[in-house]
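Report on the structure given below.
The values are calculated or read from the model by the stated rules, or taken from the named source; none is laboratory data. Every value quoted in this text rests on a predicted model; they were computed, and no experiment measured them. Cβ placement follows ideal geometry from the backbone for every residue including glycine, while neighbour counts extend to all protein chains displayed.
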Amino acid sequence: MTVLLVALGAALGAPLRYLTDRAVQARSDSAFPWGTFTVNICGSALLGFLAALPASSALMALAGTGFCGALTTYSTFGYETLRLVEQGTRLYAILNVSASIVAGLGAAYCGMALAQAVTV
């Protein structure tokens, strides 16, 4: 049952990642990978929220592992960072790594704080 919940969550998260990434990136003429940055930060916030809830293992399998796992993407983050270096835009590459780590952790913290605030 857990495997099916993860698969269902991933079936929803992956297309949403693609569509969000394309929509955000289409509105930017910058070399910075705003689409991937956006989905990773949103996924971090949602996962932080879910982790702080008194949630069942079924909800975490569906939403945490499946949906958030498919929504966020470390492989694309790594690929795009290396492409920035190859293209000679090292400052963007450094900014992508630094901002992704800081914003991702900050978003997860805010998600956790929000969950704690609404469950009191």
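Is it the case that Y18 is farther than 20 Å from G106 by Cβ and of a type in the set (F, W, Y)? I'd like the intermediate steps shown before the answer.
Values: farther than 20 Å from G106 by Cβ: yes; of a type in the set (F, W, Y): yes.
So Y18 passes the test.
Of the residues making up region 82-96, those that are closer than 30 Å to A11 by Cβ and in contact with a Phe, Trp or Tyr (Cβ under 9 Å, 6 or more places away or on another chain) number 1. For region 73-95, the criterion of being crowded, with 16+ Cβ neighbours inside 10 Å, without any contact (Cβ under 8 Å) to a residue 12 or more places away in the chain and of a type outside the set (G, A, S) is met by no residue.
Residues considered: V24, V85, V6, V39. Of these, the only one that is over 24 Å from I101 (Cβ atoms), modelled with pLDDT of 95 or more and part of a helix (DSSP H, G or I) is V6. Taking the criterion of being within 16 Å of the chain's Cα centre (by Cα) and farther than 29 Å from L95 by Cα, the only residue of region 47-60 that qualifies is M60. Within region 1-19, residues that are closer than 17 Å to T73 by Cα and touching a residue at least 60 places away in the same chain (Cβ under 8 Å) have Cβ atoms under 8 Å from residues that are assigned to a helix (DSSP H, G or I) and β-branched (V, I, T) in these pairs: V6/T65; G9/T65, counting only partners at least 6 apart in sequence or on another chain.
Here are some residues: F67, F32. Which one is outside any helix (DSSP H, G or I) and either buried (at least 20 other Cβ atoms within 10 Å of the Cβ) or more than 14 Å from the chain's Cα centre (by Cα) (or both)?
On the way: F67 fails: outside any helix (DSSP H, G or I).
When all the criteria are applied, what remains is F32.
Against the condition within 30 Å of V120 (Cβ to Cβ), β-branched (V, I, T) and at pLDDT below 95, how does T73 come out, does it pass? No; evaluated as a whole, the condition is false for this residue.
If you go through region 1-29 and pick out every residue that is surrounded by 12 or more Cβ atoms within 10 Å (Cβ to Cβ) and within 23 Å of A63 (Cβ to Cβ), you end up with 19.
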